[in-house]
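Take a look at the structure set out below.
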């Protein structure tokens with residue numbers, strides 16, 4: 001794992017842990033709550049996934065939902081809809097992209113590359129279309145789009161510092 005991936009994975013881990021801490025939710029109670037929604041990960045698997053920061057945007061959305069954490073305002077409507085977590089992640093990613101309509105996929109890939117994540121445009125497009133995106137990449141996407149959607153769970157300044165630390169410009 002590169003330093004850039006590690007930096008962003010640590011921030012992804014922090015976001016998930018802050019959601020849990022703000023609601024005083026333990027990993028054991030998270031496992032129980034997720035199990036009620038069909039997720040079969042046990043406590044140990046959750047601890048491992050969250051501590052490594054290897055979670056998807058869709059999984060963060062599940063955590064927000066089962067803990068009854070207040071989501072970012074612009075995400076609330078999407079989270080209240082029926083549908084799969086990947087579909088909700090896709091719609092949230094799309095809503096973030098819609099806030100910057102002049103940033104096309106080529107420019108977005110250039111910005112992500114400058115943050116230490118060179119990504120082929122086709123792969124990025126697939127992740128956007130399916131909602132199957134890592135939380136670490138999503139955090140970079142938020143910085144590339146100048147979005148402060150996750151301010152409730154991570155300081156925007158910390159995202160900026162990660163961007164500076166991993167910038168290839």
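Numbers below:
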| read-out | value |
| --- | --- |
| Residue match in segment 138-157 (condition: within 27 Å of residue 63 (Cα to Cα) and over 15 Å from the mean Cα position of the chain (by Cα)) | yes |
| Among the candidates 106, 67, residue that is more than 25 Å from residue 157 (Cα to Cα), surrounded by fewer than 14 Cβ atoms within 10 Å (Cβ to Cβ) and in contact (Cβ under 8 Å) with a residue 12 or more places away in the chain | 106 |
| Helices (runs of 4 or more DSSP H) within segment 1-53 that include 1 or more residues farther than 24 Å from residue 84 by Cα | 3-22, 43-52 |
| Some residue of segment 32-54 being touching a strand residue (DSSP E or B) at 6+ places or on another chain (Cβ under 8 Å) and crowded, with 19+ Cβ neighbours inside 10 Å | no |
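No lab work stands behind these numbers, since they all come straight from the coordinates. In this text the structure is predicted, and so the values were computed from the model without any measurement. Note that each Cβ is placed from the backbone with ideal geometry, even for glycine, and that neighbours are counted across all protein chains shown.
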